[in-house]
Amino acid sequence: MVRVRFAPSPTGYLHIGSPRTFIFNWLFARRQKGTMILRIDDTDVERNTQASLDSIFDGLNWLDLGWDEFYRQSDRLDLYTKAAWAIHAAGHAYRDFTPMSAAADDRAELGAWLCNPGMRELSPEESDRRVAAGEPFVLRFRVPRNTGRRVEFKDLVYGEQSKSCDDIEDFALLRSNGAPTYHHASCVDDVDLRISHVVRGQDHLSNTFKHILIFEAMGVEAPRFAHLPLLIAPDGAKLSKRKHGPVVSVTTYRDAGFLPHAYVNFLCLLGWNPKDDREKMSRQDLIDAFSFEGVNRSNAVVNFSENDPIDPKALWLNSQHLYAMSHDELAAALQPVFEAAGYAADPAKTRQVTPLIQERIKTLNDAPAAADFFFLDQLAPYDPAELIPQKGDAAMAEKALRVARQVLETANFTHDALDAALRAAATGIGVKAGQMFQPIRVAVCGRKNAPPLFETLEVVGRDACLKRLDQAVEKLNN
RNA sequence: GGCGCUAUCGUCUAAGGGUUAGGACGAAGCCCUCUCAAGGCUUAAAUACGGGUUCGAAUCCCGUUAGCGCUACCA
């Protein structure tokens with residue numbers, strides 16, 4: 001039975017790497033018909049913040065993937081304490097009474113980073129005596145040193161890993177305030193929650209040797225491990241809010257009008273590939289194709305810049321998903337966007353507009369600007385010069401507009417009828433179709449670039465069209 | 001410093017001994033076309049460096065360089 005967990009700690013905020021780790025866990029769980037667990041690793045009381053916890057939920061909820069079980073380490077502190085003393089009782093840990101402040105300096109200077117001198121060898125009696133005297137201490141793991149022992153495991157992504165115990169320091173299990181460290185709490189929970197696969201960032205690859213030692217000391221089999229390459233900034237540095245700004249936040253993409261699934265799809269392609277040329281993939285496609293075989297080992301750059309926080313490929317992928325949506329589906333997604341823009345958009349109108357702008361937007365947020373003339377009573381001001389067609393002059397523009405007005409007064413407002421009538425009108429006054437259409441387009445839309453003319457006129461409607469044609473002629477004469 | 005990991009077009013990546021080193025984004029050009037898009041076609045663009053092994057290396061080995069990670073009573 002596959003059981004995986006995503007275990008963020010609520011310090012800082014949810015940056016783009018976290019949802020990716022979540023997604024890979026989720027994909028593996030779904031692929032294996034297993035269980036996805038969300039666990040909040042909040043053992044560092046000093047650094048936890050509610051804002052950070054909120055941003056984790058905001059981000060994950062937006063992804064719309066969900067999870068099956070939820071835990072919080074702060075609810076389970078007893079578990080870690082008991083487990084730590086069991087490890088101690090088994091002889092795999094010892095008390096270290098070295099004062100906190102002294103430790104860092106001494107270690108650096110003496111090069112004694114493996115353990116604090118003397119503490120490892122303290123007799124049980126001496127150790128107990130100092131506890132009784134009220135001395136604070138850290139509970140440290142006793143790494144089997146000078147045994148020639150190497151810790152080994154096979155990572156599902158990085159392959160065979162091995163490290164000598166002589167290169168592993170006596171890391172802490174319990175802090176002097178009694179709280180468990182990350183390493184300890186994480187391992188204890190992984191055992192308690194029967195985690196089968198630990199899927200996490202590559203920054204934990206080196207830590208895994210310690211974790212395996214802990215599992216051994218608890219007398220249990222270690223889960224399998226799959227480490228994921230990291231997401232980094234274009235300058236090669238790891239993503240940080242301080243250095244790279246809000247671009248590294250999940251909310252950047254959400255607020256830019258991305259479809260949650262497009263974002264998921266994009267993140268999947270950073271460090272993983274389906275072993276074929278597919279890029280745009282549905283949720284089910286991703287589940288079906290996912291395996292750790294397809295995960296590569298080098299860090300992936302998220303391609304953002306100061307003036308453009310969005311990775312161009314993410315934008316393209318979003319557009320591809322947007323274009324693939326049904327008109328009804330897209331219209332439903334666009335409705336709140338139009339409302340937020342202050343447009344008088346009833347769902348029926350939105351539904352009419354949707355097919356005309358679908359291929360002209362890359363994000364949902366592009367829609368209001370692309371569709372303004374469908375909703376605005378009064379067009380935004382435009383340069384009358386835009387009314388003048390290619391190889392034409394103001395006179396030609398005015399003539400085209402006047403003729404168009406006549407035609408539109410009586411024409412059937414359907415695509416085919418408008419097409420036929422306006423083309424005939426162009427021939428009638430001896431101008432090319434394009435020279436006829438361009439002034440009309442600018443008059444009705446307020447700009448040169450817009451959706452196809454006849455469909456547009458149809459949706460804008462006769463009254464508004466006539467009004468705007470009149471206004472255009474007026475503009476031309478001023 | 002010690003230990004660990006990584007290294008293919010600008011970016012995401014394929015190719016795990018034999019390919020003109022493939023695809024995608026982005027860029028440029030062309031086609032389509034009532035504009036803009038969308039779509040189609042084309043072009044430019046990469047195996048970090050140096051040694052091996054081999055008939056043959058992007059691929060295996062060693063070294064160098066660079067980047068990242070761990071080296072906390074952070075996670």
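The values are calculated or read from the model by the stated rules, or taken from the named source; none is laboratory data. Every value quoted in this text rests on a predicted model; they were computed, and no experiment measured them. Virtual Cβ from ideal backbone geometry, glycine too; neighbours counted across all protein chains shown. Just so you know, the surface numbers come from the protein's heavy atoms only, side chains and all, with ligands and any DNA or RNA stripped out. Shrake-Rupley method; radii C 1.70, N 1.55, O 1.52, S 1.80 Å.
Quick look at the numbers
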item: Flag if A:Leu376 is on the phi < 0 side of the Ramachandran plot, crowded, with 17+ Cβ neighbours inside 10 Å and outside the structural domain of A:Glu279 (by TED's automatic domain parsing); result: no
item: Filter result (touching a helix residue (DSSP H, G or I) at 6+ places or on another chain (Cβ under 6 Å) and among the basic types (Lys, Arg)) within region A:330-359; result: A:Arg351
item: Number of positions in region A:275-288 that are assigned to a loop (DSSP other than H, G, I, E, B) and more than 9 Å from RNA strand B (Cβ to nearest atom); result: 2
item: Number of positions in region A:149-170 that are over 24 Å from A:Phe28 (Cβ atoms), open to solvent by 10 Å² or more (accessible area, probe 1.4 Å) and in contact (Cβ under 8 Å) with a residue 12 or more places away in the chain; result: 7
item: Which listed residue, of A:Gln320, A:Gln358, is open to solvent by less than 30 Å² (accessible area, probe 1.4 Å) and either part of a helix (DSSP H, G or I) or in contact (Cβ under 8 Å) with a residue 24 or more places away in the chain (or both); result: A:Gln358
item: Selection from region A:1-48 of residues that are charged (D, E, K, R) and more than 15 Å from RNA strand B (Cβ to nearest atom); result: A:Arg3, A:Arg30, A:Arg31, A:Lys33
item: Test for A:Phe454: is it in contact with a Leu (Cβ under 6 Å, 6 or more places away or on another chain), free of Cβ contacts under 8 Å to residues at least 60 places away in the same chain, closer than 30 Å to A:Asn318 by Cβ and part of a helix (DSSP H, G or I); result: yes
item: Matching residues, region A:175-199, being open to solvent by less than 10 Å² (accessible area, probe 1.4 Å) and within 11 Å of RNA strand B (Cβ to nearest atom); result: A:Pro180, A:His184, A:Ala185, A:Ser186, A:Asp189
item: Residue list for region A:323-348, filter: closer than 16 Å to A:Phe373 by Cα and in contact (Cβ under 8 Å) with a residue 60 or more places away in the chain; result: A:Val337
item: Boolean, A:Trp272 is in contact with a helix residue (DSSP H, G or I) (Cβ under 7 Å, 6 or more places away or on another chain) and surrounded by 14 or more Cβ atoms within 10 Å (Cβ to Cβ); result: yes
item: Out of A:Ala421, A:Ala464, A:Ala426, sole residue that is farther than 22 Å from A:Asp372 by Cα and free of Cβ contacts under 8 Å to residues at least 24 places away in the same chain; result: A:Ala421
item: Within region A:1-115, helices (runs of 4 or more DSSP H) holding 3 or more residues that are over 30 Å from A:Cys268 (Cβ atoms) and modelled with pLDDT under 95; result: A:100-110
item: Checklist (1) open to solvent by 20 Å² or more (accessible area, probe 1.4 Å); (2) within 27 Å of the chain's Cα centre (by Cα); (3) β-branched (Val, Ile, Thr) applied to A:Thr208, failing item; result: (1)
item: Test: residue in region A:229-238 that is closer than 25 Å to A:Asp189 by Cβ and within 8 Å of RNA strand B (Cβ to nearest atom); result: yes
item: Restricting region A:50-98 to residues that are of a type in the set (Asp, Glu) and open to solvent by less than 60 Å² (accessible area, probe 1.4 Å), the residue that is nearest to A:Gly219 (Cα to Cα); result: A:Asp96
item: Index of the failed condition, A:Asp311 passing every other in (1) within 12 Å of A:Leu259 (Cβ to Cβ); (2) open to solvent by less than 50 Å² (accessible area, probe 1.4 Å); result: (1)
item: Where A:Ala348 falls short, out of the listed (1) aliphatic (A, V, I, L, M); (2) surrounded by fewer than 14 Cβ atoms within 10 Å (Cβ to Cβ); (3) more than 27 Å from A:Gly257 (Cα to Cα); result: (3)
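A quick yes/no check of all residues on (1) within 22 Å of A:Ile357 (Cβ to Cβ); (2) within 16 Å of RNA strand B (Cβ to nearest atom); (3) in contact (Cβ under 8 Å) with a residue 12 or more places away in the chain; (4) crowded, with 20+ Cβ neighbours inside 10 Å:
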| position | (1), (2), (3), (4) |
| --- | --- |
| A:Pro384 | no, no, yes, no |
| A:Lys391 | no, yes, yes, no |
| A:Ala411 | no, yes, no, no |
| A:His415 | yes, yes, yes, no |
| A:Met436 | no, yes, yes, yes |
| A:Val442 | yes, yes, yes, yes |
